[in-house]
Amino acid sequence: MAGIFSGTSPVITMAGLNIPPHDYITNTYVGTNLTQAVYKTGGSSGQTVATLTMTYDGSNNLLTVART
């Protein structure tokens, strides 16, 4: 994972999982596992620019990360 700065917002890059500039993130958990991160611009009621969805196996090991 690498980070570069564009203005005041970091742009996070991961092979194929680039996250556009954003100013708000909402996280969803099942137990202690992060299952979804929603990135928005314009605050909590702003426009969604990317969503990461994570899946886990029965031992709570991270299996996949998908961007939509």
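The values are calculated or read from the model by the stated rules, or taken from the named source; none is laboratory data. Because the structure is a prediction, the values reported are computed rather than measured. Ideal geometry is used to build each Cβ from the backbone, glycine not excepted, and the neighbour counts take in all protein chains shown.
Key figures
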| quantity | calculated |
| --- | --- |
| Pair list, Cβ under 6 Å, 6 or more apart: region 48-68 residue part of a strand (DSSP E or B), other residue among the hydroxyl-bearing types (Ser, Thr, Tyr) and loosely packed, with under 10 Cβ neighbours inside 10 Å | 51/68; 55/64 |
| Residue in region 53-68 that is farthest from residue 18 (Cα to Cα), counting only those that are at pLDDT below 95 and surrounded by 13 or more Cβ atoms within 10 Å (Cβ to Cβ) | 65 |
| All positions within region 1-42 that are loosely packed, with under 11 Cβ neighbours inside 10 Å and modelled with pLDDT of 95 or more | 27, 29 |
